[in-house]
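Handing you a structure now.
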Amino acid sequence: MPGKIINLMSDTVTHPTQEMRKAMYEAEVGDDVQKADPTVNKLQKLAAEMMGMEDALFVPSGTMGNLIAMLCHCPAGREVLLETDSHINKYEVGGIARVAGLMPHPIKGKLGILDPADVRAAIRKENVHFPALGLLCIENTHNVGGGTVYPLEYLAEYRKIADEHGIKVHMDGARVFNAAVRQQVDVKEIVKHADSVMFCLAKGLSAPVGSMLCGKGEFIAEAVRARKMLGGGMRQAGVLAAAGIVSLEQSIDRLADDHQTARQLAEGLSSINGISVDIEGVQTNLVYFKISGGKDAFAVRGELKEKYGILCEARNAEVIRMVTHRHIGSGDVGRVLECVGKVMR
(Lines give C-alpha, C1' and ligand atoms only; values in the text may rest on other atoms or scores of the structure.)
Protein backbone atom coordinates (compact mmCIF):
# COMPACT_ATOMS: atom_id res chain seq x y z
CA MET A 1 0.00 0.00 0.00
CA PRO A 2 1.27 3.52 -0.77
CA GLY A 3 2.45 5.68 2.10
CA LYS A 4 2.46 9.47 1.84
CA ILE A 5 0.43 10.82 -1.06
CA ILE A 6 2.52 13.02 -3.39
CA ASN A 7 0.10 15.08 -5.45
CA LEU A 8 1.61 16.42 -8.69
CA MET A 9 -1.72 16.79 -10.52
CA SER A 10 -1.57 20.59 -10.49
CA ASP A 11 -0.60 23.60 -8.38
CA THR A 12 -4.35 24.06 -7.87
CA VAL A 13 -4.15 21.36 -5.16
CA THR A 14 -2.31 23.71 -2.80
CA HIS A 15 -3.99 24.33 0.54
CA PRO A 16 -4.26 27.79 2.11
CA THR A 17 -1.53 28.66 4.59
CA GLN A 18 -2.25 29.18 8.28
CA GLU A 19 -1.86 32.93 7.72
CA MET A 20 -4.56 32.73 5.05
CA ARG A 21 -6.89 30.74 7.28
CA LYS A 22 -6.48 33.28 10.07
CA ALA A 23 -7.11 36.17 7.67
CA MET A 24 -10.23 34.45 6.34
CA TYR A 25 -11.56 33.93 9.87
CA GLU A 26 -11.00 37.55 10.80
CA ALA A 27 -12.04 39.11 7.47
CA GLU A 28 -14.27 42.16 7.51
CA VAL A 29 -17.07 41.52 5.02
CA GLY A 30 -19.98 43.18 3.24
CA ASP A 31 -22.11 42.63 0.14
CA ASP A 32 -19.67 42.65 -2.77
CA VAL A 33 -22.44 42.86 -5.38
CA GLN A 34 -23.16 46.25 -3.81
CA LYS A 35 -19.38 46.97 -3.82
CA ALA A 36 -19.60 47.03 -0.03
CA ASP A 37 -17.12 44.31 0.94
CA PRO A 38 -14.04 46.14 2.26
CA THR A 39 -11.76 43.11 1.99
CA VAL A 40 -12.68 42.48 -1.64
CA ASN A 41 -12.15 46.17 -2.36
CA LYS A 42 -8.71 46.01 -0.71
CA LEU A 43 -7.74 42.95 -2.77
CA GLN A 44 -8.88 44.59 -6.00
CA LYS A 45 -6.92 47.74 -5.26
CA LEU A 46 -3.80 45.72 -4.40
CA ALA A 47 -4.05 43.62 -7.57
CA ALA A 48 -4.48 46.68 -9.79
CA GLU A 49 -1.47 48.38 -8.20
CA MET A 50 0.70 45.29 -8.61
CA MET A 51 -0.23 45.04 -12.29
CA GLY A 52 0.20 48.77 -12.91
CA MET A 53 -3.40 48.99 -14.11
CA GLU A 54 -6.30 51.23 -13.17
CA ASP A 55 -8.67 48.72 -11.64
CA ALA A 56 -9.26 45.05 -10.92
CA LEU A 57 -12.12 42.61 -10.35
CA PHE A 58 -12.21 39.52 -8.12
CA VAL A 59 -13.72 36.58 -10.04
CA PRO A 60 -14.37 32.97 -8.98
CA SER A 61 -12.08 31.40 -11.59
CA GLY A 62 -9.55 32.08 -14.30
CA THR A 63 -11.86 30.62 -16.92
CA MET A 64 -14.54 33.15 -15.97
CA GLY A 65 -11.96 35.95 -15.98
CA ASN A 66 -10.84 35.11 -19.50
CA LEU A 67 -14.42 34.82 -20.74
CA ILE A 68 -15.35 38.18 -19.20
CA ALA A 69 -12.36 39.79 -20.90
CA MET A 70 -13.44 38.48 -24.28
CA LEU A 71 -17.04 39.58 -23.75
CA CYS A 72 -15.91 43.09 -22.83
CA HIS A 73 -13.24 43.54 -25.51
CA CYS A 74 -15.15 42.20 -28.52
CA PRO A 75 -18.65 42.25 -29.99
CA ALA A 76 -19.90 38.83 -31.06
CA GLY A 77 -18.78 37.66 -34.48
CA ARG A 78 -15.20 38.96 -34.22
CA GLU A 79 -12.09 36.85 -34.70
CA VAL A 80 -9.68 36.11 -31.84
CA LEU A 81 -6.03 35.25 -32.51
CA LEU A 82 -4.61 32.80 -29.98
CA GLU A 83 -2.13 29.94 -29.70
CA THR A 84 -3.43 26.54 -30.82
CA ASP A 85 -2.83 24.79 -27.48
CA SER A 86 -3.78 27.75 -25.30
CA HIS A 87 -6.04 27.23 -22.32
CA ILE A 88 -8.73 29.48 -23.81
CA ASN A 89 -8.77 27.44 -27.01
CA LYS A 90 -8.60 23.94 -25.50
CA TYR A 91 -9.72 23.89 -21.89
CA GLU A 92 -12.46 26.46 -21.34
CA VAL A 93 -15.43 24.43 -22.61
CA GLY A 94 -15.75 26.37 -25.85
CA GLY A 95 -17.00 29.45 -24.00
CA ILE A 96 -15.20 31.67 -26.52
CA ALA A 97 -17.68 30.49 -29.16
CA ARG A 98 -20.79 29.45 -27.27
CA VAL A 99 -21.00 32.31 -24.78
CA ALA A 100 -18.90 35.13 -26.27
CA GLY A 101 -19.88 34.33 -29.87
CA LEU A 102 -16.31 34.79 -31.07
CA MET A 103 -14.35 32.92 -33.74
CA PRO A 104 -11.03 31.49 -32.53
CA HIS A 105 -8.17 31.69 -35.03
CA PRO A 106 -5.52 29.29 -33.69
CA ILE A 107 -1.84 29.88 -34.49
CA LYS A 108 0.73 27.19 -33.67
CA GLY A 109 3.60 28.33 -31.46
CA LYS A 110 6.91 26.78 -30.46
CA LEU A 111 6.46 25.32 -26.97
CA GLY A 112 3.35 27.49 -26.84
CA ILE A 113 5.17 30.73 -27.67
CA LEU A 114 3.83 32.66 -30.67
CA ASP A 115 6.38 34.13 -33.05
CA PRO A 116 5.27 37.72 -33.74
CA ALA A 117 5.94 37.08 -37.44
CA ASP A 118 3.40 34.26 -37.36
CA VAL A 119 0.87 36.54 -35.70
CA ARG A 120 1.34 39.11 -38.45
CA ALA A 121 1.03 36.43 -41.12
CA ALA A 122 -2.24 35.18 -39.62
CA ILE A 123 -3.96 38.57 -39.98
CA ARG A 124 -5.99 38.54 -43.18
CA LYS A 125 -6.88 41.48 -45.36
CA GLU A 126 -10.34 42.91 -45.00
CA ASN A 127 -12.78 40.67 -46.85
CA VAL A 128 -16.53 40.24 -46.60
CA HIS A 129 -16.02 36.47 -46.19
CA PHE A 130 -13.91 36.82 -43.02
CA PRO A 131 -14.93 37.78 -39.49
CA ALA A 132 -13.50 41.14 -38.45
CA LEU A 133 -10.42 40.94 -36.27
CA GLY A 134 -11.09 41.79 -32.63
CA LEU A 135 -8.57 40.47 -30.13
CA LEU A 136 -5.20 38.83 -29.54
CA CYS A 137 -4.92 36.49 -26.53
CA ILE A 138 -1.58 35.47 -25.02
CA GLU A 139 -1.09 32.78 -22.34
CA ASN A 140 1.90 33.52 -20.09
CA THR A 141 3.16 31.14 -18.76
CA HIS A 142 1.94 28.68 -21.37
CA ASN A 143 0.56 25.55 -19.75
CA VAL A 144 0.72 22.98 -22.57
CA GLY A 145 3.99 24.48 -23.78
CA GLY A 146 5.47 23.27 -20.50
CA GLY A 147 5.15 26.38 -18.36
CA THR A 148 7.08 28.41 -20.89
CA VAL A 149 7.59 32.17 -20.57
CA TYR A 150 7.07 34.76 -23.30
CA PRO A 151 10.14 36.91 -24.12
CA LEU A 152 9.54 40.53 -23.15
CA GLU A 153 10.44 41.73 -26.63
CA TYR A 154 7.68 39.51 -28.08
CA LEU A 155 5.12 41.15 -25.81
CA ALA A 156 6.19 44.59 -27.01
CA GLU A 157 5.89 43.43 -30.61
CA TYR A 158 2.34 42.14 -30.04
CA ARG A 159 1.41 45.60 -28.80
CA LYS A 160 2.68 47.13 -32.03
CA ILE A 161 0.72 44.62 -34.09
CA ALA A 162 -2.45 45.24 -32.10
CA ASP A 163 -2.14 49.02 -32.44
CA GLU A 164 -1.57 48.73 -36.19
CA HIS A 165 -4.82 46.79 -36.56
CA GLY A 166 -6.91 48.53 -33.91
CA ILE A 167 -7.41 45.49 -31.69
CA LYS A 168 -6.96 44.70 -28.00
CA VAL A 169 -4.52 42.35 -26.26
CA HIS A 170 -5.65 40.13 -23.38
CA MET A 171 -3.15 38.13 -21.34
CA ASP A 172 -4.24 34.87 -19.76
CA GLY A 173 -1.69 35.27 -16.98
CA ALA A 174 -2.95 32.44 -14.77
CA ARG A 175 0.69 31.86 -13.74
CA VAL A 176 2.09 35.28 -14.67
CA PHE A 177 3.92 35.57 -11.35
CA ASN A 178 5.84 32.42 -12.27
CA ALA A 179 6.91 34.27 -15.41
CA ALA A 180 7.98 37.30 -13.38
CA VAL A 181 10.03 35.16 -11.00
CA ARG A 182 11.61 33.28 -13.90
CA GLN A 183 12.55 36.50 -15.73
CA GLN A 184 13.48 38.32 -12.50
CA VAL A 185 11.40 41.37 -13.39
CA ASP A 186 8.51 43.21 -11.79
CA VAL A 187 5.26 41.72 -13.09
CA LYS A 188 4.35 45.19 -14.40
CA GLU A 189 7.03 44.75 -17.07
CA ILE A 190 5.27 41.63 -18.35
CA VAL A 191 1.73 42.98 -18.46
CA LYS A 192 2.35 46.60 -19.50
CA HIS A 193 1.73 45.88 -23.19
CA ALA A 194 -1.64 44.18 -22.55
CA ASP A 195 -5.03 45.87 -22.31
CA SER A 196 -6.12 43.36 -19.69
CA VAL A 197 -4.69 40.49 -17.69
CA MET A 198 -6.19 37.67 -15.68
CA PHE A 199 -4.11 35.94 -13.01
CA CYS A 200 -4.94 33.13 -10.60
CA LEU A 201 -4.68 33.28 -6.83
CA ALA A 202 -5.47 29.58 -6.35
CA LYS A 203 -2.53 27.97 -8.14
CA GLY A 204 1.04 28.38 -6.92
CA LEU A 205 0.03 31.35 -4.76
CA SER A 206 -1.96 28.87 -2.61
CA ALA A 207 -5.18 30.81 -2.04
CA PRO A 208 -8.21 28.49 -1.92
CA VAL A 209 -10.39 30.24 -4.53
CA GLY A 210 -10.33 33.03 -7.06
CA SER A 211 -8.63 34.96 -9.83
CA MET A 212 -8.17 38.64 -10.66
CA LEU A 213 -9.04 40.46 -13.87
CA CYS A 214 -7.22 43.77 -14.31
CA GLY A 215 -7.46 46.58 -16.84
CA LYS A 216 -8.64 50.15 -17.37
CA GLY A 217 -11.42 51.59 -15.25
CA GLU A 218 -14.09 51.53 -17.95
CA PHE A 219 -13.14 47.96 -18.89
CA ILE A 220 -13.56 46.76 -15.30
CA ALA A 221 -16.87 48.63 -14.98
CA GLU A 222 -18.16 46.60 -17.93
CA ALA A 223 -16.53 43.46 -16.52
CA VAL A 224 -18.60 43.82 -13.34
CA ARG A 225 -21.77 43.59 -15.44
CA ALA A 226 -20.44 40.59 -17.37
CA ARG A 227 -19.49 38.81 -14.14
CA LYS A 228 -23.01 39.31 -12.81
CA MET A 229 -24.51 38.00 -16.06
CA LEU A 230 -22.38 34.84 -15.81
CA GLY A 231 -23.49 34.22 -12.24
CA GLY A 232 -20.21 35.32 -10.70
CA GLY A 233 -21.57 38.02 -8.40
CA MET A 234 -20.61 37.00 -4.86
CA ARG A 235 -21.90 38.41 -1.59
CA GLN A 236 -19.68 38.28 1.55
CA ALA A 237 -16.71 37.28 -0.57
CA GLY A 238 -14.23 38.94 1.77
CA VAL A 239 -13.62 35.60 3.45
CA LEU A 240 -12.10 34.46 0.15
CA ALA A 241 -10.49 37.75 -0.77
CA ALA A 242 -8.63 37.81 2.55
CA ALA A 243 -6.67 34.72 1.52
CA GLY A 244 -5.94 36.34 -1.84
CA ILE A 245 -4.42 39.36 -0.12
CA VAL A 246 -2.11 37.13 1.92
CA SER A 247 -1.16 35.18 -1.23
CA LEU A 248 -0.07 38.37 -3.00
CA GLU A 249 1.81 39.64 0.03
CA GLN A 250 3.57 36.40 1.02
CA SER A 251 3.56 33.73 -1.73
CA ILE A 252 5.18 35.24 -4.82
CA ASP A 253 8.89 35.01 -4.05
CA ARG A 254 8.66 31.39 -2.97
CA LEU A 255 7.55 30.36 -6.49
CA ALA A 256 11.28 30.12 -7.23
CA ASP A 257 11.32 27.02 -5.00
CA ASP A 258 8.72 25.38 -7.26
CA HIS A 259 10.85 26.14 -10.30
CA GLN A 260 13.85 24.54 -8.62
CA THR A 261 12.01 21.34 -7.73
CA ALA A 262 10.58 21.18 -11.26
CA ARG A 263 14.09 21.40 -12.69
CA GLN A 264 15.26 18.66 -10.30
CA LEU A 265 12.33 16.51 -11.37
CA ALA A 266 12.87 17.11 -15.10
CA GLU A 267 16.58 16.36 -14.99
CA GLY A 268 15.98 13.20 -12.98
CA LEU A 269 13.23 11.97 -15.30
CA SER A 270 15.43 12.55 -18.36
CA SER A 271 17.91 10.00 -17.02
CA ILE A 272 15.32 7.21 -16.81
CA ASN A 273 15.15 4.78 -19.74
CA GLY A 274 11.93 5.10 -21.72
CA ILE A 275 11.33 8.73 -20.71
CA SER A 276 12.16 11.86 -22.68
CA VAL A 277 11.91 15.43 -21.40
CA ASP A 278 12.31 18.65 -23.38
CA ILE A 279 14.48 20.40 -20.81
CA GLU A 280 14.26 23.68 -22.76
CA GLY A 281 10.55 23.75 -22.07
CA VAL A 282 10.91 23.31 -18.30
CA GLN A 283 11.14 26.97 -17.37
CA THR A 284 8.83 27.24 -14.39
CA ASN A 285 6.89 24.64 -12.36
CA LEU A 286 5.38 22.39 -15.04
CA VAL A 287 7.08 19.22 -16.30
CA TYR A 288 5.79 17.33 -19.33
CA PHE A 289 7.48 14.08 -20.36
CA LYS A 290 6.95 11.39 -22.97
CA ILE A 291 6.70 7.67 -22.31
CA SER A 292 8.13 5.16 -24.79
CA GLY A 293 9.53 1.63 -24.76
CA GLY A 294 6.16 -0.09 -25.03
CA LYS A 295 4.72 1.63 -21.98
CA ASP A 296 1.41 3.52 -21.93
CA ALA A 297 1.17 6.84 -20.09
CA PHE A 298 -2.24 5.98 -18.64
CA ALA A 299 -0.87 2.69 -17.31
CA VAL A 300 2.19 4.41 -15.84
CA ARG A 301 -0.03 7.00 -14.15
CA GLY A 302 -2.24 4.25 -12.73
CA GLU A 303 0.68 2.25 -11.39
CA LEU A 304 2.25 5.32 -9.77
CA LYS A 305 -1.05 6.04 -8.03
CA GLU A 306 -1.97 2.53 -6.92
CA LYS A 307 1.47 1.28 -5.87
CA TYR A 308 3.18 4.43 -4.66
CA GLY A 309 0.56 7.09 -3.95
CA ILE A 310 1.96 9.45 -6.59
CA LEU A 311 -0.71 11.45 -8.41
CA CYS A 312 -0.07 12.93 -11.84
CA GLU A 313 -1.95 13.60 -15.07
CA ALA A 314 -1.71 11.62 -18.31
CA ARG A 315 -2.52 14.04 -21.14
CA ASN A 316 -2.69 11.22 -23.70
CA ALA A 317 -1.21 7.73 -24.22
CA GLU A 318 2.31 9.19 -24.50
CA VAL A 319 2.51 12.30 -22.32
CA ILE A 320 2.39 12.80 -18.55
CA ARG A 321 2.33 16.15 -16.74
CA MET A 322 3.67 16.73 -13.24
CA VAL A 323 3.36 20.10 -11.49
CA THR A 324 5.44 21.22 -8.51
CA HIS A 325 4.05 23.52 -5.82
CA ARG A 326 4.33 24.55 -2.18
CA HIS A 327 3.66 21.05 -0.83
CA ILE A 328 6.40 19.40 -2.92
CA GLY A 329 9.95 19.42 -1.60
CA SER A 330 13.25 18.03 -2.83
CA GLY A 331 12.71 14.82 -0.85
CA ASP A 332 9.35 14.30 -2.54
CA VAL A 333 11.00 14.68 -5.94
CA GLY A 334 13.58 12.06 -4.99
CA ARG A 335 10.79 9.67 -4.03
CA VAL A 336 8.94 10.32 -7.30
CA LEU A 337 12.07 9.64 -9.36
CA GLU A 338 12.70 6.41 -7.48
CA CYS A 339 9.15 5.20 -8.07
CA VAL A 340 9.01 6.24 -11.72
CA GLY A 341 12.25 4.34 -12.27
CA LYS A 342 10.69 1.20 -10.75
CA VAL A 343 7.59 1.50 -12.93
CA MET A 344 9.60 2.02 -16.10
CA ARG A 345 11.78 -0.99 -15.33
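Determine the gain in length on full extension of the stretch R345-L230; use 0.36 nm per residue of separation and subtract their C-alpha separation, reporting nm with one decimal.
Gain in length upon complete extension: 36.4 nm.
Could you give the length gained on full extension between E318 and T84, defined as 0.36 nm per residue of separation minus the Cα-Cα distance, in nm?
Details: separation 234, 0.36 × 234 = 84.24 nm, distance 1.93 nm.
Using 0.36 nm per residue and subtracting the Cα-Cα distance, I get 82.3 nm.
Dipole of the chain, Cα-centred, from +1 at each Lys and Arg C-beta and -1 at each Asp and Glu C-beta, to the nearest 20 debye?
Once rounded to the nearest 20, the dipole reads 740 debye.
Give me the number: length gained by fully extending Q34 to D115, i.e. 0.36 nm times residue separation minus the C-alpha to C-alpha distance, one decimal in nm.
Roughly 24.8 nm would be gained on extension.
May I ask for log10 I(q)/I(0) of the chain at q = 0.08, 0.10 Å⁻¹, from a Debye sum over the Cα atoms as equal point scatterers with solvent left out?
The Cα Debye sum returns log10 ratios of -0.39, -0.61.
Per residue, what accessible area does the range 124-174 have, given a 1.4 Å probe and all protein chains present, in Å²?
43 Å²
Using a Gaussian network model of the chain with C-alpha springs under 10 Å, which one of H193, H259, H165 is most mobile by mean-square fluctuation?
H165
Given springs between every Cα pair under 10 Å in a Gaussian network model of the chain, which of R235, R124, R254 has the largest fluctuation?
Maximum among the listed residues: R124.
Just to be sure I understand: with springs between alpha-carbon atoms less than 10 Å apart, which residue in G65, G77, G293 has the highest mean-square fluctuation in the Gaussian network model of the chain?
Among G65, G77, G293, the largest mean-square fluctuation in the Gaussian network model of the chain belongs to G293.
Would you mind telling me the antiparallel percentage of the DSSP bridges in the chain, rounded to 5?
Percentage antiparallel, nearest 5: 55.
Moving on. Quote the relative contact order of the range 114-223 in percent (integer), defining contacts as alpha-carbon pairs under 8 Å separated by 6+ residues.
Reported relative contact order: 21 percent.
Toward the positive end of the charge dipole of the range 13-133, about the Cα centre and with charges on Cβ (Lys, Arg +1; Asp, Glu -1), which of H105, H129, N89 goes farthest?
H129
Of all accessible surface on the chain at a 1.4 Å probe, what whole percent is carbon and sulfur?
Answer for the chain is 50 percent, counting heavy atoms of protein chains only.
Moving on. Keeping all protein chains in place, calculate the accessible area per residue for the range 208-269 (probe 1.4 angstrom), answer in Å².
Numbers: 2540 Å² over 62 residues.
On a per-residue basis, 41 Å².
Which whole-number percentage describes the relative contact order of the chain, with Cα contacts under 8 Å and a sequence gap of 6 or more?
Across the chain, relative contact order equals 25 percent.
If each of E164 and Y91 carries a label point 7 Å out from its Cα toward its Cβ, how far apart are those two points in nm?
With each label point 7 Å from Cα toward Cβ, the separation is 3.2 nm.
Here's a follow-up. Normalising by the residue count of the range 50-207, find the relative contact order in percent from Cα pairs under 8 Å and 6+ residues apart.
About 24 percent, as a whole number.
The values are calculated or read from the model by the stated rules, or taken from the named source; none is laboratory data. What you are looking at is a predicted structure, and each value in this text was computed from that prediction instead of being measured. Here Cβ is always computed from backbone atoms with ideal geometry, including for glycine, and neighbour counts include all displayed protein chains. For accessibility, only protein heavy atoms count, side chains too; no ligands or nucleic acids. Shrake-Rupley method; radii C 1.70, N 1.55, O 1.52, S 1.80 Å.
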